[in-house]
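The structure appears right after this line, and notes come after that.
The values are calculated or read from the model by the stated rules, or taken from the named source; none is laboratory data. These figures come from a predicted structure and were not determined experimentally. Cβ sites come from the backbone with ideal geometry, for glycine too, and all protein chains shown count toward neighbours.
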Amino acid sequence: MIYDYIIENYKTGDPIFLDELPTKSKDYLRQEMKKLVDEGKLERLYNGVYYRSYITILGTKGKISVDRFIEKKYLCRKGKVSGYITGLQLVNKYGFTTQNAAVIEVCSNEATTKQRKIDIDGNSVIIYKPVVEINDTNKAALQFLDFMTVIDKYSEISGIEYRNKLIRFVENINLDFNQVKKYISYYPDKVYKNIYNGGLMGELV
């Protein structure tokens with residue numbers, strides 16, 4: 001039974017994609033999923049995406065984990081690297097700003113247009129199409145170049161503190177500057193200035 005499979009393989013809050021469930025008939029699977037939703041065993045986020053129904057310790061209806069949904073849908077699709085977090089959230093993560101992102105920004109191979117804004121259970125997410133297809137080899141370089149495109153806009157720090165945090169960021173993502181050189185021409189000229197101001201220009205020459 002499909003519900004037994006779901007219980008064994010998915011935690012509460014995990015996104016369940018229809019196309020990853022075992023079945024011999026897609027029509028039968030859709031009917032079974034609809035039945036489980038009608039019975040209150042599953043919740044439907046939108047077409048083709050579900051999650052297990054559950055009650056939180058506060059007695060409220062549980063929701064899907066947006067972070068897990070984004071990870072599975074846009075960052076690591078079917079076990080392969082396919083995207084990364086970008087924008088203000090990335091800048092905040094590495095301590096360059098105290099601003100919290102109101103919108104989650106993601107660059108992903110799953111994007112069908114240059115930029116699209118969607119709502120995931122009340123959370124705004126913008127999905128950007130990458131300049132080239134993202135893979136395990138170039139992910140860090142593309143994320144770094146995105147970062148250097150917006151760092152002058154969002155950073156609240158400068159000087160030695162800025163440079164030290166930038167070095168830690170580069171180390172954290174295991175950046176290969178040969179990959180940066182390969183893709184930097186896809187980005188605006190100000191990226192060179194931001195890299196220079198960060199004390200990393202020597203890595204590019």
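In segment 1-116, which helices (runs of 4 or more DSSP H) lie fully inside it and hold 3 or more residues that are of a type in the set (A, V, I, L, M) and on the phi < 0 side of the Ramachandran plot?
Details: elements: 2-9, 26-38, 66-70, 88-93.
In segment 1-116, the matching helices (runs of 4 or more DSSP H) lie at 2-9, 26-38, 88-93.
Return the residues of segment 66-79 that are in contact (Cβ under 8 Å) with a residue 24 or more places away in the chain and charged (D, E, K, R); say none if nothing qualifies. Walk me through how you get there before you give the answer.
Of all residues in segment 66-79, those in contact (Cβ under 8 Å) with a residue 24 or more places away in the chain come to 66, 68-70, 72-75, 77-78.
Within segment 66-79, ARG68, LYS72, LYS73, ARG77, LYS78 qualify.
Using beta carbons and a limit of 7 Å, which pairs, at least six apart or on different chains, have the first residue in segment 184-205 and assigned by TED's automatic domain parsing to the domain that holds LYS153 and the second one among the polar types (S, T, N, Q)?
As it stands, the answer is TYR187/THR149; PRO188/THR149; VAL191/THR149, since those pairs meet every condition given.
Pick from segment 79-124 the residues that are among the basic types (Lys, Arg) and more than 16 Å from ASP67 (Cβ to Cβ): which of them is farthest from the chain's Cα centre (by Cα)? Spell out the reasoning first.
We begin by selecting, within segment 79-124, every residue among the basic types (Lys, Arg); these are 80, 93, 114, 116-117.
The next check asks that each one be more than 16 Å from ASP67 (Cβ to Cβ); those that pass are 80, 114, 116-117.
Values: LYS80: 13, LYS114: 16, ARG116: 14, LYS117: 13 Å.
Taking the candidates together, the pick is LYS114.
Within segment 138-171, count every residue that is part of a loop (DSSP other than H, G, I, E, B) and either β-branched (Val, Ile, Thr) or surrounded by 15 or more Cβ atoms within 10 Å (Cβ to Cβ) (or both). Steps first, answer last, please.
Keep residues of segment 138-171 that are part of a loop (DSSP other than H, G, I, E, B), which gives 138, 155-158.
Filter again for either β-branched (Val, Ile, Thr) or surrounded by 15 or more Cβ atoms within 10 Å (Cβ to Cβ) (or both), leaving 138, 155, 157.
Matching residues across segment 138-171 total 3.
Name the residues in segment 185-195 that are outside any loop (DSSP other than H, G, I, E, B) and out of contact with any helix residue (DSSP H, G or I) (no Cβ under 9 Å at 6 or more places or on another chain), would you? Full working, then the answer.
Our first condition is that a residue be outside any loop (DSSP other than H, G, I, E, B); within segment 185-195, this holds for 185-186, 190-195.
Residue satisfying the conditions is SER185 alone.
Do the conditions hold for ALA102, that is, is it exposed (fewer than 13 other Cβ atoms within 10 Å of the Cβ), aliphatic (A, V, I, L, M), closer than 23 Å to ASP14 by Cα and in contact with a helix residue (DSSP H, G or I) (Cβ under 9 Å, 6 or more places away or on another chain)?
Working: exposed (fewer than 13 other Cβ atoms within 10 Å of the Cβ): yes; aliphatic (A, V, I, L, M): yes; closer than 23 Å to ASP14 by Cα: yes; in contact with a helix residue (DSSP H, G or I) (Cβ under 9 Å, 6 or more places away or on another chain): yes.
So ALA102 passes the test.
Looking at ASN138, ASN100, ASN123 in this structure, which one is closer than 24 Å to LEU166 by Cα, at pLDDT below 95, in the same structural domain as ILE160 (by TED's automatic domain parsing) and of a type outside the set (A, V, I, L, M)? So that I can check it myself, show each step before the final result.
On the way: ASN138 fails: at pLDDT below 95; ASN123 fails: closer than 24 Å to LEU166 by Cα.
Going through ASN138, ASN100, ASN123 in turn, the sole match is ASN100.
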